[in-house]
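No value in this document is a laboratory result; all are computed from the given coordinates. Everything numeric in this text was worked out from a predicted model, so none of it was measured. Positions of Cβ are backbone-derived with ideal geometry, glycine not excepted, and every protein chain shown enters the neighbour counts.
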Amino acid sequence: MVTKIAIEVTHTEFIRAPREKVYDAFTTAEGLDGWFTRGSSVDARPGGTIRFRWADWGAEKNINVDADGRVIEAKRPERFVYEWPGHEEGTVTTVEIILEEREGGTLLRLREYGFIDSDAGRKHMVGNASGWGEALTLVKIWLEHGIHYN
């Protein structure tokens, strides 16, 4: 039996863009590839698939990874939830994105949970926590200024 860590990764970011635009940045291939991936695909409906593809990504252009997940919930423009691979084979974590309308833009709340309670699982959680901080900065810069990192 796999034990999960009770601790969750959480991030909040204010983005000066309408909720629909922020939602589409996470739920469409064009959106993901605009700021984060290359060649991703999304079927943004419950039970649909989501594939993240990073090709020659990162500061040293040395990240080449695909990560396939499953959409759990898709309620445009307010909520998107999916599962994607955990650290150990056959495990997943859940990513929940909630978008709240605010004056001048959108408040994005991200939560990832379901990490395995092991040294490797905790390392995966810490890596994803820092990765989400970078990712939310990238999407903010892309949506507000049209700048693509990679």
Binning at 10 Å from 0, report for the range 61-118 what percent of all alpha-carbon pair distances ends up in each bin.
20, 40, 29, 11, 1
If the label point sits 7 Å along Cα→Cβ of residue 56, residues of the range 122-150 with amide N under 18 Å come out as 148-150
Stokes-Einstein D in µm²/s, Kirkwood radius over Cα pairs - the range 37-150 at 25 °C with 0.890 mPa s viscosity
160 µm²/s
Sum up the charges of everything whose Cβ sits under 13 Å from the Cβ of residue 142, counting Lys and Arg as +1 and Asp and Glu as -1, but leave residue 142 out.
-3
Distance cut-off 24 Å, Cα to Cα: go down the list 75/140; 4/123; 21/61; 4/61 and report the pairs above it.
21/61; 4/61
Mean Cβ neighbour count within 10 Å, used as a protection proxy, ranking 18-27, 59-68, 37-46 highest first
18-27, 37-46, 59-68
Per the Kirkwood treatment, what hydrodynamic radius in Å, one decimal, follows for the range 1-99 from the mean inverse distance over all distinct Cα pairs?
14.5 Å
Burial order of peptide ranges 99-108, 75-84 (average beta-carbon count within 10 Å, highest first):
75-84, 99-108
Inter-site label distance for residue 88 and residue 76 at 7 Å from Cα along Cβ, in nm:
3.8 nm
Of 147, 121, 58, farthest towards positive along the dipole that unit charges on Lys, Arg, Asp, Glu beta carbons give the chain
147
Can you tell me the 0 to 90 degree angle between the C-alpha axis of helix 119-145 and the longest principal axis of the chain, rounded to 10?
10 degrees
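To the nearest 20 debye, what charge dipole does the chain have about its Cα centre, counting +1 at the Cβ of each Lys and Arg and -1 at the Cβ of each Asp and Glu? Can you show the working numbers first?
Numbers: 19 positive and 25 negative charges, 41 e Å.
My answer is approximately 200 debye.
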